[in-house]
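Only one structure is covered here, and it is reproduced in the block below.
The numbers here are math on the coordinates, done by the rules we state, and not lab data. Model, not experiment: these values are computed from the prediction.
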Amino acid sequence: MRFVNLTPHKITVAGISFPASGDIARVTTTSTPRGEVAGIPITVTVAGDVIGLPAPKAGTLYVVSAMVRLACPNRGDVLSPGALVRDDSGRVVGCESLDRNLP
């Protein structure tokens, strides 16, 4: 099985690292101003299209952000980092698993 990391960061899970491929899958967003509360601007942001995610390819799994994975509920070939693992300083050093959409 081939894993392609479509995030801008190296992903480490179970001692295996997946370097960033250089290509990034993203979800477009549109934000609309909706007033303010106590002088703080409030917006409504709506997710749009997924860009940068290749079509499914036999034998290939794509590691993407959770936002991208959730925007593709019918894609079983997209995975995102699961529970994060942090070092003693609180920095993210990996994840415990990769999350997948339900079949």
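Rounded to the nearest whole Hz, the Karplus-based 3J(HN,Hα) values (6.51 cos²θ - 1.76 cosθ + 1.60, θ = phi - 60°) of segment 14-23 follow the sequence 6, x, 10, 10, 10, x, 4, 7, x, 9, with x at glycine and proline.
I want to verify a result. In a Gaussian network model of the chain, Cα cutoff 10 Å, which of these has the top mean-square fluctuation: 59, 82, 22? Comparing 59, 82, 22 in a Gaussian network model of the chain, the most mobile one is 59.
Backbone phi angles across segment 55-67, fed through the Karplus curve with coefficients 6.51, -1.76 and 1.60 (θ = phi - 60°), yield HN-Hα couplings of 5, x, 9, 3, x, 10, 10, 10, 8, 9, 5, 4, 4 Hz in residue order; Gly and Pro are listed as x.
Just checking the listed ones, 75, 34, 26: in the Gaussian network model of the chain with Cα springs under 10 Å, the one fluctuating most is 34. Close amide H contacts of residue 99 (hydrogens built in the peptide plane, cut-off under 5 Å, sequence separation of 5 or more or a different chain): 80, 82.
Each residue of segment 69-84 was assigned a 3J(HN,Hα) from its phi angle through the Karplus curve 6.51 cos²θ - 1.76 cosθ + 1.60 (θ = phi - 60°); the sequence is 4, 5, 7, 10, x, 9, 9, x, 9, 10, 10, 9, x, x, 4, 7 Hz, with glycine and proline shown as x. Only one of (1) 17, 53, 27, 3; (2) 13, 40, 26, 12, 7, 2; (3) 14, 39, 27, 16, 4, 0 was calculated from the structure for P(r) over Cα pairs in 10 Å bins from 0, in percent, and its label is (3). For the chain, DSSP calls about 70 percent of its internal beta bridges antiparallel. GNM on the chain, alpha-carbon springs under 10 angstrom: the most fluctuating residue among 21, 80, 31 is 31.
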